[in-house]
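Asker: Right, I'll just put the structure down here and ask away after.
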Amino acid sequence: MVQILVEELSKSYRIAEREPGFLGALRGITHRRWRTVQALKDVSFSLERGEILGFIGPNGAGKSTTIKILSGILRPDSGRVEVAGLVPYVDRIRHVGRIGVVFGQRTQLWWDLPVIEGFDLLRDIYRLDPHVYRRKRDQLVSMLRLDRLLDQPVRQLSLGQRMRAELAAALLHEPSILFLDEPTIGLDAPSKLAVREFIKNLSQQQGVTVLLTTHDMHDIEAMAERVIVIGNGQVLADGSLAALRATVLAERRLFVEFAGDAPNLVLPGVHVRGQNRRSVELAFDPRIIGAPELIATITANHAIEDIHVEQPAIEEVIARFYDLHDAGEV
């Protein structure tokens, strides 16, 4: 069942320009110049119920504009948008009661109030049944380890603590759709793992649809079943991470630590990416030489202490994708 439908979405902004300096400021008062920035150009995609979508791209690509339209904050210039059967920017009150939103750089809790009082205010805003609210609040507090933070004012929390509280606040009213913008920013490693697992469980067990934007590609790998790559306001790719890897960077990496000095390896379909006295990093194309064959060839001729295969980091895959796209090769 389609929960989010976007068809040919476009949005542009007018931005004022002026020359630098005092004279430039004076000219800007009487002869202001404007230029139009096309933030989104005919963007189309859909999301099924319970799907986790990674929405990735460089700064200024159009990610935040898309989320603001989907959450009802902005109105597009053209195109069709439906979220759970509602047009977000037309039926805002009903719409916001069904969604949860977490912006990593903004807060929905009250800066000077203790966390628990912020939760209580959200209970009143969403008109939640007191018993349902307490059950959900206690569940979220336990899962996100907020027990010791409830009596602290939000302004006294660290960034990581605040992000956990923001995530709980976004879920108090049990939304069916969750928009996340940099949800793990500032979190330590254990907290990141806990939040990722928590979001995956929301999707798998409760059918919550999640749209995730982040520059942390480990978040994308850990949570997203599908990714959309956006650039200059246009959808450049839409599919699984595996399909994206296969399209732009099929090679794999073999890390070998030798018992003695590393030899100079010359093998078909293989090139050396890095080498020190006893170890070598090799890149190979599995379509030319498979990992078992390559490993067998090396171990048959050299004494090995350790050997393992890895895929290129997702950051490298995305960077290669943009390079190929700019060159017109994808």
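The numbers here are math on the coordinates, done by the rules we state, and not lab data. For clarity, every value in this text was computed on a predicted model and none was experimentally measured. Here Cβ is always computed from backbone atoms with ideal geometry, including for glycine, and neighbour counts include all displayed protein chains.
Asker: What's the extension gain from W34 to L236 if we count 0.36 nm per residue and subtract their Cα-Cα distance? Write down the numbers at each step before the final one.
Answerer: Values: separation 202, 0.36 × 202 = 72.72 nm, distance 2.81 nm.
Roughly 69.9 nm would be gained on extension.
Asker: If you count, for each residue, the other Cβ atoms within 10 Å and average over each peptide, how do 167-180, 124-137, 247-260 line up from highest to lowest?
Answerer: Details: 167-180: 21.4, 124-137: 13.2, 247-260: 16.6.
Descending mean neighbour count gives 167-180, 247-260, 124-137.
Asker: To continue, here is another question. Suppose every Lys and Arg Cβ carries +1 and every Asp and Glu Cβ carries -1, with no other charges. What dipole size does segment 250-311 come out with about its Cα centre, to the nearest 20 debye? Intermediate results must be reported in sequence, preceding the final value.
Answerer: Values: 6 positive and 9 negative charges, 27 e Å.
It works out to roughly 120 debye.
Asker: Just add up the charged neighbours of L140: K/R +1, D/E -1, any other residue whose Cβ is under 15 Å from the Cβ of L140. The partial results should precede the final answer.
Answerer: Working: positive: R123, R134, R135, K136, R137, R145, R148, R162, R164; negative: D120, D138, D147, E166, E174, E197.
So the surrounding residues net to +3.
Asker: How much net charge surrounds K68 when only the other residues with a Cβ under 13 Å from the Cβ of K68 are counted, with Lys and Arg +1 and Asp and Glu -1? It would help to have the intermediate numbers written out before the result.
Answerer: Values: positive: K11, K63, R75, R92, R106; negative: D181.
After counting each charged neighbour, the total is +4.
Asker: To check you understand DSSP bridge types, tell me what percent of the beta bridges within the chain (both residues inside) are antiparallel, rounded to 5. Write down the numbers at each step before the final one.
Answerer: Details: 41 of 58 bridges.
Antiparallel bridges: around 70 percent, rounded to the nearest 5.
Asker: Order these by the 10 Å Cβ neighbour count, fewest first: W34, W110.
Answerer: W34, W110
Asker: Please report M223, M143 as a ranked list, fewest other C-beta atoms within 10 angstrom at the top and most at the bottom.
Answerer: M143, M223
Asker: I'd like the distance separating the alpha-carbon centroids of segment 75-97 and segment 108-129, in whole Å.
Answerer: Distance between centres, Cα-based: 25 Å.
Asker: Then there is this: Can you flag which of K63/K136; K11/K200; K68/K136; K63/K200 are past 23 Å Cα-Cα? Don't skip to the answer; put the middle values down first.
Answerer: Values: K63/K136 30 Å; K11/K200 31 Å; K68/K136 26 Å; K63/K200 21 Å.
Too far apart for the 23 Å limit: K63/K136; K11/K200; K68/K136.
Asker: Find the relative contact order for the chain and round it to a whole percent, using C-alpha pairs within less than 8 Å whose residues are 6+ positions apart. Could the numbers behind the result be given before it?
Answerer: Values: 565 pairs, mean separation 58.9, N = 330.
Contact order relative to length: 18 percent.
Asker: Computed over the Cα atoms of segment 129-234, what is the ratio Rg over Rh, Rh following Kirkwood? Don't jump to the answer; show the numbers that get you there.
Answerer: Numbers: Rg = 14.5 Å, Rh = 14.8 Å.
Rounded to two decimals, Rg over Rh is 0.98.
Asker: Within a Cβ distance under 15 Å of V83, other residues only, what is the Lys/Arg minus Asp/Glu net charge?
Answerer: Values: positive: R49, K68, R75, R80, R92, R94, R98; negative: E7, E48, E51, E82, D91.
Charge balance in the 15 Å sphere: +2.
Asker: Place +1 on the Cβ of every Lys and Arg and -1 on the Cβ of every Asp and Glu in the chain, take the dipole about the Cα centre, and give the residue among V96, A242, F198 whose Cα lies farthest towards its positive end.
Answerer: Of the listed residues, the answer is V96.
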